[in-house]
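What follows is a single structure, written as C-alpha cells, with notes after it.
FYI, it's all coordinate maths here, none of it is from the lab. Bear in mind the structure is a predicted one, so any value in this text is a computation, not a measurement. FYI the Cβ positions are ideal-geometry reconstructions off the backbone, even for glycines, and counts take in every protein chain you see.
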Amino acid sequence: MKRVILWVAIAILSIGFASPFFLIWIGNNQLHDADIPNQNSLINDQGIKVLAFFPHPDDEVSGTLMSLLDQGNEVYLVTLTKGEAGNSDEQYSKSALVQLRTEEMHRAAKLIGVTKLHLLDYPDGGLENLGMDSLKRIAKSWIDEIKPDILISYDSEVGLYGHPDHRLSGLALGEVFIENFGKKGFSPQKLFQVTLSPKQIEIALKLSSGFQKNYPKDKSKGLPYPSFSVYTQPYFERVLAVMQSHASQQKVLKDLMPYHDQVPSWMYSRVFDREYFYEVR
C-alpha cells in the first residue's frame, strides 16, 4: 500500500503532464477489487441505533460512522480500554498515557459526532486474560443496555492485522450475535465486521512487518472476504481530523493512511475512498 501511494506522489512531482485522474485510476486498481460491491452507506435505514464495539481509542477512525450519523442514525461507541499499552514512543508513564488518551478519545468522539461514548477501563493488551466468557458477558451487557439495531466490530479471525485485543473483541461480539440472533429481547438485526480487500491484504503482506509477523500463513484463516465496501471519500478531511486528534498515536496511525501528507488531499481521498465490511450471517 505504501509503495502504491509513494509511486503516485513521485509521479505527480516528476511527470507534471500526467493526468492526475489516470494516477487515481492506477491507485484504485492496485487497492480495490472490482468484483466487491461498493455502496454509499452501510445501511439505507434512518433513525436506527448502531453500536460500534472496539477495544482501543483510535479504532473508531471511520468515515462509515460519520455517514451513519449524517443519515440521521444514532451511533454509540463502546471502547473497552483506555489504550495504556499504546506507548510506541515510550515517552509517557502509564498514568500519563491513560489521561492523554482519554482526552484524545473524547476529542475524537466529538469530531465524529457520536451519540454517546462509553470509554471503559479493561486492560489494554490483556483482554485475553479476561477470558472469552467474560468478554461475551461484557458485549451482551452493552447490547442489552443500548438495544442497538446494528453492530460494528473488528473481525473474529485476525483482528484486522493480528492484534489479539482486536480479534477477541470481534470474536466475543460475533459469538454473542450468532448465539442470540432472533431470540426475544435481542435487538441487533445485523453485524458488520471491518475487513480489507484481497488486494489490500496482498500489498500489506509485502510491506508491513506487522502483517508479515501476525497474518495467518493459511489464507483460509485470514480476514473474511468483504461483502461490500462503503464509499467514504466525502468524509476524508474529517477522518484526518479524527486521526490527528489521537496525537500520541501518530506513529502508528501513519500506517493507516501512508503518505497522506505528501499527496494532494483531493487526489489521495479518491484512492482511499472506501472502507470494507463483512456481514456476519
Does anything in the range 103-140 have its amide N under 19 Å from the 7 Å Cα→Cβ label point of ARG238, and if so which residues? 105-118
Step through the residues of the range 213-230 one at a time and calculate ³J(HN,Hα) from phi using the Karplus curve (6.51 cos²θ - 1.76 cosθ + 1.60, θ = phi - 60°), rounding each to whole Hz and writing x for Gly and Pro. 7, 9, 6, x, 5, 7, 4, 5, 9, x, 4, x, 5, x, 6, 5, 10, 10
Going down the table (LYS110/LYS140; LYS140/LYS190; LYS49/LYS199; LYS217/LYS254; LYS49/LYS82), which pairs top 21 Å between alpha carbons? LYS110/LYS140; LYS49/LYS199; LYS217/LYS254; LYS49/LYS82
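Take SER141, SER197 and order them by how many other Cβ atoms sit within 10 Å, fewest up front. Don't skip to the answer; put the middle values down first.
Numbers: SER141 12, SER197 20.
Final ranking by Cβ density, sparse to dense: SER141, SER197.
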Search the structure for amide H atoms under 5 Å from the amide H of VAL75, placed 1.01 Å from N in the peptide plane, and list their residues when 5 or more places away or on another chain. VAL50, THR115, LYS116
Estimated FRET transfer efficiency (LYS251, ASN129; beta-carbon r; R0 25 Å; 0.05): 0.45
Per-residue counts of other Cβ atoms within 10 Å, averaged by peptide: what ranking do you get for 39-46, 23-30, highest first? 23-30, 39-46
Charge dipole of the chain built from unit charges on the beta carbon (Lys, Arg +1; Asp, Glu -1), centred at mean Cα; most positive-end Cα among GLY113, GLY182, SER220 is SER220
If each K or R counts +1 and each D or E counts -1, the residues other than MET66 whose Cβ falls under 11 Å of its Cβ total -3
About its Cα centre, how strong a charge dipole does the chain have in debye, to the nearest 20, once Lys and Arg get +1 and Asp and Glu get -1 at the Cβ? 280 debye
By the scheme Lys and Arg +1, Asp and Glu -1, what is the net charge of all other residues having a beta-carbon under 12 Å from that of SER41? -2
Can you list the residues, at least 5 places off or on another chain, whose amide H is less than 5 Å from the amide H of ASP59, using H built in the peptide plane? none
Under 5 Å between amide H atoms, partner at least 5 residues away or on a different chain: which partners does ASN38 have, H built in plane at 1.01 Å? SER229
Add -39500 (n - 2.57) for each DSSP H run of 4 or more in the chain, then divide by its residues: what number comes out at 222 nm, to the nearest 500 deg cm²/dmol? -13500 deg cm²/dmol
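Sequence gap at least 6, Cα distance under 8 Å: using those rules, report the relative contact order of the range 2-280 to the nearest whole percent. Working shown, then result.
Working: 481 pairs, mean separation 72.6, N = 279.
Worked out over the range 2-280, it gives 26 percent.
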